[in-house]
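Engineer: Can you read through this structure? Questions will come right after.
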């Protein structure tokens, strides 16, 4: 992680139950990006009730029901 020097965006969902992407990991990733030019992060909440398994796209893991907000956040921070 210390080799990453480009601006970085780190996101998560507070209700993500996928073992590989817990929202608690967002801050860990942010803290590890010590040489990134800049780092922005957000842990999202809300959305629709899950309609797929925890690591599926129709769950908090896939930002189900709030995907437009997530894309807007990413796009705004790329600009």
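Values in this text are rule-based calculations from the coordinates and carry no lab data. Remember, it's a predicted structure, so these values are computed and weren't measured experimentally. No Cβ is skipped: glycine too gets one built from the backbone with ideal geometry, and neighbour counts run over all protein chains shown.
Engineer: If each of residue 72 and residue 35 carries a label point 7 Å out from its Cα toward its Cβ, how far apart are those two points in nm?
Structural biologist: 3.6 nm
Engineer: Over the Cα atoms of the chain, what radius of gyration and what Dmax do you get, in Å?
Structural biologist: Answer for the chain, Rg first and Dmax second: 13.1, 38 Å.
Engineer: Normalised by the number of residues in the chain, what is the relative contact order in percent for Cα pairs under 8 Å and 6+ residues apart?
Structural biologist: Once normalised by length, the contact order is 32 percent.
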